[in-house]
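> After the structure tokens below, expect a handful of questions from me.
No value in this document is a laboratory result; all are computed from the given coordinates. Here the structure is a predicted model, which means the values were calculated and not measured. Note that we place each Cβ from the backbone using ideal geometry, even for glycine, and neighbour counts take in every protein chain shown.
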């Protein structure tokens, strides 16, 4: 009986060790989320961060093509981030003024609001850049 219990436990643990979390797939996100990041330069490297409404944070680099799970935002942080995102004025979005190095912020809710900036001829709204800096700090991975 003791041998049976040991084998059952061993099989259970082995099976558990083979479980893997499904990889992140941005095309099937079923909740509100925010994407932001930085790109350009000679290599045209683009780092995109995904902040999901459930607090999960992912990083994607277009050169490595990998999605990396980062630290999760706590409930207070995610409520604050999405409340601030909803308060950003619509006038701050809609511009596509990339430069050699560019930044972007997209709010994916019932509608999609997007802004890309970096051109020397364009200055984004202060509220947009402040929010960008705040959410970048929360992800704990500086761009």
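> From the square roots a ≥ b ≥ c of the eigenvalues of the alpha-carbon gyration tensor of the range 88-143, which class results: rounded (a/c under 1.5), prolate (a/b over b/c), or oblate?
It comes out oblate by the Cα gyration axes.
> A further question on this structure: Give the order of 123, 111 when sorted by the count of other beta carbons within 10 angstrom, beginning with the fewest.
111, 123
> Quick check: from the Cα gyration tensor, does the range 31-138 come out rounded (a/c under 1.5), prolate or oblate?
Oblate shape, in that a/c is at least 1.5 and b/c is the bigger or equal ratio.
> Fully extended, how many nm does the chain gain between residue 64 and residue 96 (0.36 nm per residue separation, minus their Cα-Cα distance)?
Extending this stretch completely gives an extra 9.0 nm.
> Could you please rank 72, 56, placing first whichever residue has the fewest other Cβ atoms within 10 Å of its Cβ?
72, 56
> Grab the Cα-Cα distance for residue 86 and residue 29, subtract it from 0.36 nm times how many residues apart they are, and report the gain in nm with one decimal.
That pair, residue 86 and residue 29, stretches by 18.7 nm at full extension.
> Mind giving me the FRET efficiency for residue 111 and residue 46? R0 is 25 Å, r the Cβ-Cβ distance, nearest 0.05 is fine.
Once the sixth-power term is evaluated, E becomes 0.60.
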